[in-house]
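So the structure is just underneath, and the comments pick up after that.
The values are calculated or read from the model by the stated rules, or taken from the named source; none is laboratory data. Keep in mind the model is a prediction, meaning the values are calculated, not measured. Cβ sites come from the backbone with ideal geometry, for glycine too, and all protein chains shown count toward neighbours.
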Amino acid sequence: MARLFFRRGASAESAPDAARELAAKARAILGVGEDTTISISEIACGDPACGGAETVVLVMRPGRRTEAAKLMKPLATVTDAELADALQPLHDVASSAAG
């Protein structure tokens, strides 16, 4: 299940599609099934480096603590490579827990 949350703003119309796409990509990168919830959020960011918004990816696996990855940029501008890099520590945790 993917839960999607958005801040209001100029990119609000494209945010649901971009978040669904990122959630699907995150699921594939992490190799998790439908029992894991992926939440993609775009929140206001006070740091000038993030352009006013940051993207937060929450991964909620059954029986485990919620894990988070942050990208210091608006949701619609996150690339596949940036998402993969941000999720790498969470992927490593999944691999070591399974092995």
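Taking the criterion of being modelled with pLDDT of 95 or more and either at positive phi or among the charged types (D, E, K, R) (or both), would at least one residue in segment 5-19 satisfy it? The answer is no; no qualifying residue exists. Taking the criterion of being surrounded by 11 or more Cβ atoms within 10 Å (Cβ to Cβ) and touching a helix residue (DSSP H, G or I) at 6+ places or on another chain (Cβ under 9 Å), the residues of segment 18-36 that qualify are Ala18, Ala19, Leu22, Lys25, Ala26, Ile29, Leu30, Gly31, Val32, Thr36.
Restricting the search to strands (runs of 3 or more DSSP E) fully inside segment 32-74 and requiring at least 2 residues that are more than 19 Å from Ala84 (Cβ to Cβ) and over 9 Å from the mean Cα position of the chain (by Cα) gives 37-44, 53-60. Contact map, segment 70-88: first residue closer than 11 Å to Ile29 by Cα, second residue among the β-branched types (Val, Ile, Thr) and outside any helix (DSSP H, G or I), Cβ cut-off under 9 Å, separation 6 or more or different chains; pairs are Leu83/Thr55; Leu83/Val57; Ala86/Thr55; Ala86/Val57; Ala86/Val78; Leu87/Val57; Leu87/Val59.
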